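Working notes for the structure below.
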Amino acid sequence: MRVALSGITVRFGELTAVDDVSVAIESGEIHAIVGENGAGKSTLMNALFGLVPPAAGRITVDGVERRWVSPHDAIRAGLGMVHQHFMLQDSMSVLENIVLCAEPVGRFGFVDFASARNRLREKAEAHGILLPLDRQVGALSVGEKQVVEILKLLYRDAQILILDEPTSVLTPQEKDRLFAVLRSFRSEGKAIVLITHKLDEVMEIADRVSVMRGGRLVSTLPLAETSKERIAREIIGGDLPPPRERQTRTPGDAILSVGDLQVAARGGVIGPLSFSVRAGEIVGIAGVSGNGQAELVQALIGLKQPHSGEITLAGRRIETLDVHARRRFGIGYIPEDRQRMGLALSASVSENANAGRDDRTAFTRGPFLDRAAMARFARSLIERYRIRVAGPAARAATMSGGNKQKLVVGRELARGTPLIIAENPTWGVDIGAIDFIHGELIRMRDQGHAVLLVSTELDEILALSDRILVMFEGKIAGEVAGHEANRGRIGRLMTSRAAEALPEVA
């Protein structure tokens, strides 16, 4: 199966998100599409999948021009897409999610789940995928949810699989096993489109790579005819910044202290956990998603009431305080889920940039908000963080995922709080923005702020952390000094329940 996009242009109002792009996707290949946030990668694939209508251009499948009214047309033609933010129903089982909108109907008009189960088991086993079909999706880890999305594509006999940032929140083990599945798909003759920011992964698995910048196609080349350095230069339009050097410094007093903390979690209680984060240091928490990191963060910021234990912020006990009070006393929070927790998507960029700052004198005029001051602050974040958006008045929903993340990071760091809790702060952002955000976290640390970094990106943990705590099954499995840490040592402290759903990698 061959799909070709010719002269595709996509506009959102006055913004041209994709500008006259032509690219072909061949059977039996893994085709990586890379570029900065807002470069048009996801938008181009959304046009291919029928989610957004192109203003110009053609889509052909095996030489025949096709026009999609909706994604259902693309699915029927053999396309499938796993979005960066999963499209799953947490209250339903794995099997129910997979067959949703494609239910086999048996006698008397009822859904034939037995037939679906047998068909799915056969397809999954052919690629070495194992996952209990009756488990509720809401109880799955992030890695397991991604497996469900891939099983949906298998069930629908997709011949072209589009994956948008598939490894953003996976551990190295989960990533390796996912790639084993993708190679299996490729050997079967399927085409895989990989939208990613991770150039090491491109070099590891891609057959061809297309680079986009500013909505235009810069190049499409076989991997053998390019290099990681060339791809990086084409992405940012110049040379990469030199490697960042982190200065050694002596931390100050404890800003955050956690003592014997226990928090309710699915299937039990995490903890007891005891640790501290001092002024002028970055403490990284590593671990496979689903080992208690999310519950810990929720307890720290006030979204979940601790079962027992103490949380002290700058000498003040806060475990009984609500979210607003904790933020007022000095917690900045960069959430993992920018869609639901970080932003109000229907609100403007200006309103989102000023969320949590509305009570400050600089942003009010008597009892009213000072909209002009709010817009000036939003514009300063747009410029500082190179956020690609029409302007402060644009709705947050119009931004790409990476630009949404940059807005959240900029807003929270600008508050200058004594403690910053950063949960996967560079999820889905491009290589230039990753370097900038890392630099900003180091700058906050060097200015005496305490930073708690919770990340499933092991390289990020290793690059930034002065101390590393590894969580496993709701407890701290070990602590390693930053200068003594390496991937092997930290990896041995981690394990992955989600990775067991995918094949072993030799």
Query raised in the report: What residue, of S276, S289, is free of Cβ contacts under 8 Å to residues at least 40 places away in the same chain and within 26 Å of G491 (Cα to Cα)?
Result: S276
Report summary line: Within segment 302-313, the residues that are farther than 16 Å from F275 by Cβ and either among the basic types (K, R) or touching a helix residue (DSSP H, G or I) at 6+ places or on another chain (Cβ under 8 Å) (or both) are G302, L303, K304, Q305
Requested in this report: Provide a single number: the residues in segment 175-232 that are of a type in the set (S, T, N, Q) and part of a helix (DSSP H, G or I).
Outcome: 2
Requested in this report: Would you check if S346 is part of a loop (DSSP other than H, G, I, E, B) and in contact (Cβ under 8 Å) with a residue 24 or more places away in the chain?
Outcome: yes
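In contact with a helix residue (DSSP H, G or I) (Cβ under 7 Å, 6 or more places away or on another chain) and modelled with pLDDT of 90 or more, is that true of I236?
No; evaluated as a whole, the condition is false for this residue.
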Report summary line: Counted residues in segment 321-347 being polar (S, T, N, Q) and surrounded by fewer than 13 Cβ atoms within 10 Å (Cβ to Cβ) come to 1
Query raised in the report: What are the residues in segment 38-47 that are surrounded by 24 or more Cβ atoms within 10 Å (Cβ to Cβ) and either modelled with pLDDT of 95 or more or not hydroxyl-bearing (S, T, Y) (or both), if any?
Result: G38, A39, G40, K41, L44, A47
Query - Condition broken by T361, with the remaining ones in (1) under 21 Å from the mean Cα position of the chain (by Cα); (2) at pLDDT below 90; (3) among the hydroxyl-bearing types (S, T, Y) satisfied - result: (1)
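Name the residue, out of L151, L161, L133, that is free of Cβ contacts under 8 Å to residues at least 60 places away in the same chain and in contact with a Leu (Cβ under 6 Å, 6 or more places away or on another chain). Steps first, answer last, please.
Numbers: L151 fails: in contact with a Leu (Cβ under 6 Å, 6 or more places away or on another chain); L161 fails: free of Cβ contacts under 8 Å to residues at least 60 places away in the same chain.
Only one candidate qualifies: L133.
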Requested in this report: Sort out which residues of segment 421-451 are crowded, with 22+ Cβ neighbours inside 10 Å, under 19 Å from the mean Cα position of the chain (by Cα) and not polar (S, T, N, Q), and write them in order of number.
Outcome: I421, A422, E423, P425, W427, G428, V429, D430, A433, I437, L441
Report task. Filter segment 94-112 down to the residues that are surrounded by 18 or more Cβ atoms within 10 Å (Cβ to Cβ) and of a type outside the set (D, E, K, R), then identify the one that is nearest to Q339 (Cα to Cα). Result -> N97
Report task. Please find, within segment 373-405, the residue that is farthest from I437 (Cα to Cα) out of those that are among the small types (G, A, S), over 24 Å from the mean Cα position of the chain (by Cα) and part of a helix (DSSP H, G or I). Result -> A373
Report summary line: Within segment 383-406, of all residues that are among the hydrophobic types (A, V, I, L, M, F, W, C) and surrounded by fewer than 24 Cβ atoms within 10 Å (Cβ to Cβ), the one farthest from I236 (Cα to Cα) is A393
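Restricting to segment 75-125, what's the tally of residues that are assigned to a helix (DSSP H, G or I) and either over 20 Å from V147 (Cβ atoms) or without any contact (Cβ under 8 Å) to a residue 60 or more places away in the chain (or both)? Full working, then the answer.
Taking segment 75-125 as the starting set, the residues that turn out to be assigned to a helix (DSSP H, G or I) are 75-76, 94-99, 107-109, 113-125.
If we keep only those that are either over 20 Å from V147 (Cβ atoms) or without any contact (Cβ under 8 Å) to a residue 60 or more places away in the chain (or both) as well, we get 76, 94-99, 107-109, 113-125.
The number of residues fulfilling the criteria is 23.
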**Report entry** Matching residues in segment 1-37 - criterion: being among the hydroxyl-bearing types (S, T, Y), within 24 Å of N403 (Cα to Cα) and either crowded, with 23+ Cβ neighbours inside 10 Å or modelled with pLDDT of 95 or more (or both)
**Finding:** T9
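Output the residues belonging to segment 222-240 that are among the small types (G, A, S) and free of Cβ contacts under 8 Å to residues at least 40 places away in the same chain. Before you say what the answer is, go through the steps one by one.
Start the filter on segment 222-240 by keeping residues that are among the small types (G, A, S), which leaves 224, 227, 232, 237-238.
Across segment 222-240, the qualifying residues are A224, S227, G237, G238.
The values are calculated or read from the model by the stated rules, or taken from the named source; none is laboratory data. Remember, it's a predicted structure, so these values are computed and weren't measured experimentally. Reconstructed Cβ throughout: ideal geometry from the backbone, glycine too, with neighbour counts over all protein chains shown.
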